[in-house]
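K.L.:
Take this structure first; my questions come after.
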Amino acid sequence: MLQEGIDEYIVLLSTKEQGREETNQNTIVAYRNDLHQACAYLSRQCIENWQQVTRAHIASYLLEMRNEQAYRPTTIARKLASLKTFFRYLRATGSISVDPIEDLSAPRIQKDLPQILSQEQVANLFRQVAVDTPAGIRDRAMLHLLYATGMRVSELVALDMGHVDLEQANVTCAGRNGKNKRERVLPLSPLAIDALKSYLQAARQRLIQHHPGEQALFVNHHGERLTRQGFWLIIKGYARQAGITDITPHMLRHSFAILMLQNGMELRSVQELLGHAHIATTQVYSQLARETAKTTV
């Protein structure tokens, strides 16, 4: 009886999703797996039909996933969301008279603090870049630009030649990644300026020799715009050489934010530099800065 209810629901979902994007079909697969797992648990509790399910049954199921199976809170929350949708369907079709989990809350999700690099790690990362090739000169410029501005990697690779003004010592970040459409004019450090000058004078022209009209600031070995994935492969290689095993694409951005706060910059100013729409997004760095300060005392 339990299994039949799930099968009917999945058939209904599949019919609704026909012709839509593949990601929606993947969602249906996730629903099916979540519901089958819940069905197996309820069967072990000798539950034969959905009318017998109580709030306590589902609460115990969530507790088992957390304590015995060590699921992450985000995973448990997703599985509960699948069950809630399914129980709404059962209530709407008259299969159950009362929804036992209508107001059941998901476990609280604790957001992990951003991971950062220490200044020593950043220096070691930069030391791995050999500047005897055009690609190495480019890589040094990219790393200095990221660390000096805190821009996102997606914003870095979206930069065009016209976005950089070395005379005014700034770069215009166009905010093309969909998170913040507003342009930001970001100041450049002397090290970033020197690295960019070297790249523009000694490396970029050699990289774009087969694509002389390319407007992208940073290009790959084919002379075309470097992608986010391409940058990620580059930085992972340097991190491996530096002995940094857990690097992420945003680590330099996070490290920049902490450095600015530690140097006395106000939170609102850091928010503007990072391009956060809401100050709450930036406040997590204040907590991280305090935690970092405790470990260095």
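K.L.:
For the stretch 36-68, give me each residue that is surrounded by 15 or more Cβ atoms within 10 Å (Cβ to Cβ) and either in contact with a Gly (Cβ under 9 Å, 6 or more places away or on another chain) or not assigned by TED's automatic domain parsing to the domain that holds ILE10 (or both).
P.N.:
CYS39, TRP50
K.L.:
Next up: Can you give me the number of residues within the stretch 33-53 that are in a loop (DSSP other than H, G, I, E, B) and over 15 Å from LEU63 (Cα atoms)? Full working, then the answer.
P.N.:
Within the stretch 33-53, the first condition is being in a loop (DSSP other than H, G, I, E, B), and the residues that meet it are 45-49, 53.
Then drop every residue that is not over 15 Å from LEU63 (Cα atoms), which leaves 46-49, 53.
Looking only at that region, the number is 5.
K.L.:
For the stretch 240-264, which residues satisfy the criterion of being within 14 Å of LEU288 (Cα to Cα) and not polar (S, T, N, Q)?
P.N.:
Across the stretch 240-264, the qualifying residues are MET251, ARG253, HIS254, PHE256, ALA257, ILE258, LEU259, MET260, LEU261.
K.L.:
For a quick check of your reading of the model, give me the residue pairs whose first member lies in the stretch 119-130 and is under 8 Å from TYR238 (Cα atoms), whose second is hydroxyl-bearing (Ser, Thr, Tyr), with beta-carbon atoms closer than 8 Å and at least 6 apart or on different chains.
P.N.:
LEU125/TYR238; GLN128/TYR238; VAL129/TYR238
K.L.:
What helices (runs of 4 or more DSSP H) lie completely within the stretch 82-163 and have 2 or more residues being among the small types (Gly, Ala, Ser), surrounded by fewer than 21 Cβ atoms within 10 Å (Cβ to Cβ) and over 25 Å from the mean Cα position of the chain (by Cα)? I'd like the intermediate steps shown before the answer.
P.N.:
Working: elements: 119-127, 134-149, 153-157.
Of the helices (runs of 4 or more DSSP H) lying wholly inside the stretch 82-163, those with at least 2 residues that are among the small types (Gly, Ala, Ser), surrounded by fewer than 21 Cβ atoms within 10 Å (Cβ to Cβ) and over 25 Å from the mean Cα position of the chain (by Cα) span 134-149.
K.L.:
Please determine, by comparing only the residues of the stretch 69-81 that are part of a helix (DSSP H, G or I) and among the small types (Gly, Ala, Ser), which one is surrounded by the fewest Cβ atoms within 10 Å (Cβ to Cβ). Break it down into steps so the answer makes sense when it comes.
P.N.:
Going through the stretch 69-81, the residues part of a helix (DSSP H, G or I) turn out to be 73-81.
If we keep only those that are among the small types (Gly, Ala, Ser) as well, we get 77, 81.
On the way: ALA77: 17, ALA81: 13.
Per the criteria, the residue is ALA81.
K.L.:
Still on this structure, I have one more. Residue check: is GLN168 at pLDDT 95 or above and loosely packed, with under 12 Cβ neighbours inside 10 Å? Reasoning before the result, please.
P.N.:
Values: at pLDDT 95 or above: yes; loosely packed, with under 12 Cβ neighbours inside 10 Å: yes.
Yes; evaluated as a whole, the condition is true for this residue.
K.L.:
Give ALA158, ALA169 a once-over and let me know the one that is assigned by TED's automatic domain parsing to the domain that holds ASN263, in contact with a helix residue (DSSP H, G or I) (Cβ under 7 Å, 6 or more places away or on another chain) and small (Gly, Ala, Ser). Spell out how you get there, then give the answer.
P.N.:
On the way: ALA158 fails: in contact with a helix residue (DSSP H, G or I) (Cβ under 7 Å, 6 or more places away or on another chain).
Just one listed residue meets the conditions, ALA169.
K.L.:
Taking TYR199 as meeting all but one of (1) under 21 Å from LEU259 (Cα atoms); (2) buried (at least 18 other Cβ atoms within 10 Å of the Cβ), write down the number of the exception.
P.N.:
Of (1) under 21 Å from LEU259 (Cα atoms); (2) buried (at least 18 other Cβ atoms within 10 Å of the Cβ), only one is false for TYR199: (1).
K.L.:
Could you tell me which numbered condition ASN24 fails, if it satisfies all but one of (1) touching an Asp or Glu at 6+ places or on another chain (Cβ under 6 Å); (2) at pLDDT 80 or above?
P.N.:
Here ASN24 clears every test but (2).
K.L.:
While we're on this one: Which pairs turn up if I take residues in the stretch 279-291 that are in contact (Cβ under 8 Å) with a residue 60 or more places away in the chain and look for partners that are surrounded by 13 or more Cβ atoms within 10 Å (Cβ to Cβ) and in a helix (DSSP H, G or I) with beta carbon separation below 7 Å, at least 6 apart in sequence or on another chain?
P.N.:
Listed pairs, sorted by first residue: TYR285/ALA257; TYR285/ILE258; TYR285/LEU261; TYR285/VAL270; LEU288/ILE258.
The values are calculated or read from the model by the stated rules, or taken from the named source; none is laboratory data. The model shown is predicted, which means the values in this text are computed figures rather than measured ones. Cβ sites come from the backbone with ideal geometry, for glycine too, and all protein chains shown count toward neighbours.
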